[in-house]
Amino acid sequence: MSYKIGIDISGGDFAPHESFKGAVLANKELAQKIVLIGIEEEIEREAEKEKIDLENFEVIDAPEKISMDEVGAMSIRRKRKSSIAIGLNLLKERKIDAFVSCGNTAAVVSAASLILGVIEGAERPGISVLIPTAKDISLVIDVGANINPKPLHLLQYGIMASLYYSLVFNKENPTVGLLNIGEEESKGPDFMRIVHKLFSSSPLNFIGNLEAKDIFSGRCDCVVSDGFVGNVALKVSEGLAEVIGKFLIDAIRKDLLGKIGLFLVRRSMRRFKRVIDYAEYGGAPLLGVNGVVIIGHGRSSSYAIKNAVKVAIQELQRDLIGRIKERLDEICKDSRVRQILTT
């Protein structure tokens, strides 16, 4: 089935060049109708530079641009003709089936919540990311959408993450854990102890608290966190991976034997890079909003943007939003969960 995917051409550190190239790749490799949303003159300039016929695309002019350092909610109110605002309005009006942006994350989250609203049974959206682990792939939610959540918000994140993981990886009843400062249920502030009780009373496959070291061990399929801690953990992990890679290459290149060894293991090094490269996993689904919204890394390449479109297509094919609604309603109406929330 063919879908209409809107791409924010103005969003990202390397926009509009990489965003445009990513849209072209998606159109070519994924055989989907791509809607280019951005400053029309910039889109035409990129098309001329890359020798691309825009007849194969739909172009929507969005004359305003939200920079990466602007305050999210405020920028959306001030710039209603930005690519983010226009793209999400197109999604609301069902003129596109999904929206992909590598722009200002806070602006995308704010605009999606305001324009699309949250799905029934969810109170706040959460950004989820797939990360490689020692065993397989894990999903972490939330990594930046909601930095001051209520206990119920984290339970809803766990529900959405569990369902998303089971659909993407065809795994029944995936494990769910809470990111905390220790494994004991008494660890952390009162807020986290309430969250622990909520998860323990739910039908989720809850395995308890996780320490930060457990994120990459593969001990748990779905890691639940508040947006502040999750974002810090993600950024530290990205920085550490880059530095370790640099240290490794520098150490190997220091002598002749190392350089020879590097030549011999270059294929293995490429495989290693693919495993840890966020570009391989595309974008991060914004779970909980009433529409398919994929948030890409600010530094996304064209390859990463193409993969973000692929993630959007997979969400549409699996009717993820409809299934999340059903699951949220089922669990949040559970008498044990309601009892904890009202005490």
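Annotation: segment 126-277 has a Kirkwood hydrodynamic radius of 16.7 angstrom, from the mean reciprocal C-alpha pair distance. Between the amide H of Asn146 and those of Ile127, Gly227, distances stay under 5 Å, these residues lying 5 or more places away or on another chain, with hydrogens modeled in the peptide plane. Compared with the direct C-alpha span, the chain from Lys49 to Met1 gains 14.2 nm at full extension, assuming 0.36 nm per residue.
By how many nm would the segment from Asp136 to Glu330 lengthen if fully extended, with 0.36 nm per residue of separation less the alpha-carbon distance?
67.0 nm
If a spin label sat at a point 7 angstrom from the Cα of Ala73 along the line to its beta carbon, the backbone N atoms of segment 82-126 nearer than 14 Å would be those of 106-115, 124-125.
What's the ranking of 204-212, 148-156 by average number of surrounding C-beta atoms within 10 Å, highest first? Write down the numbers at each step before the final one.
Values: 204-212: 19.1, 148-156: 21.2.
The packing order, highest mean first, is 148-156, 204-212.
For a paramagnetic label modelled on Lys95 (point 7 Å from Cα along Cα→Cβ), amide N atoms under 16 Å away belong, within segment 113-132, to 115-116. A simple rule links phi to the HN-Hα coupling: the Karplus curve 6.51 cos²θ - 1.76 cosθ + 1.60 with θ = phi - 60°, which for segment 175-190 gives 6, 10, x, 9, 6, 9, 8, x, 7, 5, 5, 7, 6, x, x, 3 Hz, with x for Gly and Pro.
Counting Lys and Arg as +1 and Asp and Glu as -1 over every other residue whose Cβ lies under 14 Å from the Cβ of Gly227, the net charge comes to 0. Taking trypsin sites (Lys or Arg not before Pro) in DSSP loop conformation with at most 16 other Cβ atoms inside 10 Å as exposed sites, the chain has its longest uninterrupted site-free stretch at 188-252.
Here are some pairs, Lys171/Lys306; Lys33/Lys79; Lys28/Lys246; which of them have Cα atoms lying more than 31 Å apart in this structure? Table pairs above 31 Å Cα-Cα are Lys28/Lys246. Note down the net charge around Lys187, summing +1 for each Lys or Arg and -1 for each Asp or Glu among other residues with Cβ under 11 Å from its Cβ. Here the charged neighbours net out to -3. Above 19 Å, the calculated P(r) of segment 56-169 contains 53 percent of its Cα-Cα pairs. A crude spin-label estimate for the pair Ser200 and Glu41, with each label 7 Å from Cα along the Cβ direction, gives 6.2 nm. When shorter helices are ignored and each DSSP H run of at least 4 residues is given -39500 (n - 2.57), the per-residue value for the chain at 222 nm works out to -15000 deg cm²/dmol.
Any idea what the relative contact order of segment 165-210 is, in percent, if you count C-alpha pairs under 8 Å spaced at least 6 apart? Can you show the working numbers first?
Numbers: 55 pairs, mean separation 21.3, N = 46.
Dividing the mean separation by the residue count of segment 165-210 yields 46 percent.
The length gained on full extension between Glu172 and Phe191, counted as 0.36 nm times the residue separation minus their Cα-Cα distance, comes to 3.9 nm. Tell me the net charge near Glu70. Cut-off is 12 Å between Cβ atoms, Glu70 excluded, with +1 for each Lys or Arg and -1 for each Asp or Glu. For residues surrounding Glu70, the net value is +2.
The numbers here are math on the coordinates, done by the rules we state, and not lab data. This structure is a prediction, so every number in the text was calculated from the model and none was measured. All Cβ positions, even for glycine, are placed from backbone atoms using ideal geometry, and neighbour counts span all protein chains on display.
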